[in-house]
1. For a Förster distance of 35 Å, can you work out the FRET efficiency between the beta-carbons of Lys111 and Gln80, rounded to the nearest 0.05?
2. Please list the non-local residues whose amide H lies under 5 Å from the amide H of His94, H modeled 1.01 Å from N, same-chain partners needing a gap of 5 or more.
3. Enumerate the calculated ³J(HN,Hα) couplings along segment 79-92 in order (Karplus 6.51 cos²θ - 1.76 cosθ + 1.60, θ = phi - 60°), each rounded to whole Hz, writing x wherever the residue is Gly or Pro.
4. Between Asp90 and Ser11, what is 0.36 nm times their sequence separation minus the Cα-Cα distance? Round to one decimal in nm.
5. Calculate log10 I(q)/I(0) of segment 17-244 for q = 0.11, 0.14, 0.15, 0.17 Å⁻¹, where I(q) comes from the Debye formula with a single equal point scatterer on each Cα and nothing for solvent.
6. Just to confirm the filter: which chymotrypsin sites (Phe, Trp or Tyr not before Pro) across segment 67-140 are DSSP coil and have at most 13 other Cβ within 10 angstrom of their Cβ?
7. What does the charge count around Tyr133 come to, taking other residues whose C-beta lies under 12 Å from its C-beta (Lys +1, Arg +1, Asp -1, Glu -1)?
8. Which order do peptides 202-211, 33-42 fall in by mean Cβ count within 10 Å, highest first?
Amino acid sequence: MFFKKKEIPLSDFFPEGFVDIHSHLLPGIDDGAKDLDNSIELILKMRAYGIKNFITTPHVLGDVYPNTSETILEKLNLVQKELEFRQINDVTIHAAAEYMMDEQFSKLLEKDDILTLQDNLILVEMSYFSAPYNLFDVLFEIQLKGYKPVLAHPERYVFYHNSFDHFYKLKKAGCLFQLNLLSLTEQYGKSVQKVANKLIKENVYDFVGSDTHHENHLHLLKTIATKKNILQIQHLLKNNLEFNA
């Protein structure tokens, strides 16, 4: 006999005051929201899910997404003004960035031209094909400048899947870990889902993020609201409350 997963309302899944610290909601700036209307649509859908606080994080990625602090904050201002115009008063949105750890990032770091999640926390990522050859040097540079790296979606770096020692080395090197909520589904493949669950059991994650780019992600996000998932990651969801401080 087929039993449905024990689902709970998404609005009960996320604690009051939850802050989504990883998303792509600014208009026309990366592979996320296409325009201002799309930005607002995504935000309103997430508000219906019980997510009302955002630190959105557009990509800063070489020539592909050559975003600057200035362009990001300009787009943020557009979204904030549109929310105000539409009298959507129960949503807060701020912006940081998701920085690819490459040569350009090292230059920004040197100049302290960094948009942090909060205080000294920087959201960083790597290529999905391989880690930077100088990864641990970059992590050391980040901390030498007084920042702390938050590694986005470590479960998605498949080159580490066969050796969990790499994850522990990153933690030892001072990395905090951010779980993509969609990694609890098969969005990125079964192997990513399996590794995410194993890393949860190993208690190496610090925070979560939706990594929302578009409507399809939000349709899938609804499926994570199960009793099993809330038992597994309730402590992580609560950790995100500290970004409200």
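Every number in this text was worked out from the coordinates using simple rules, so none of it is lab data. Only a predicted model underlies this, so the values are computations on that prediction, with no experimental measurement involved. Cβ placement follows ideal geometry from the backbone for every residue including glycine, while neighbour counts extend to all protein chains displayed.
1. Numbers: r = 26 Å, r/R0 = 0.74.
Once the sixth-power term is evaluated, E becomes 0.85.
2. It is Phe54, Ile55, Thr56, by chain and number.
3. 5, 4, 5, 5, 4, 5, 4, 7, 6, 8, 9, 9, 10, 10
4. Values: separation 79, 0.36 × 79 = 28.44 nm, distance 1.46 nm.
Difference between extended and current length: 27.0 nm.
5. The Cα Debye sum returns log10 ratios of -0.52, -0.87, -1.01, -1.31.
6. Values: sites: Phe85, Tyr99, Phe105, Tyr128, Phe129, Tyr133, Phe136, Phe140; in loops: Tyr128, Phe129, Tyr133.
Passing both the DSSP loop test and the Cβ count: Tyr128, Phe129, Tyr133.
7. Values: positive: none; negative: Asp102, Glu103, Asp137.
Around Tyr133, the surrounding residues sum to -3.
8. On the way: 202-211: 19.8, 33-42: 18.1.
My ranking of the peptides, most packed first, is 202-211, 33-42.
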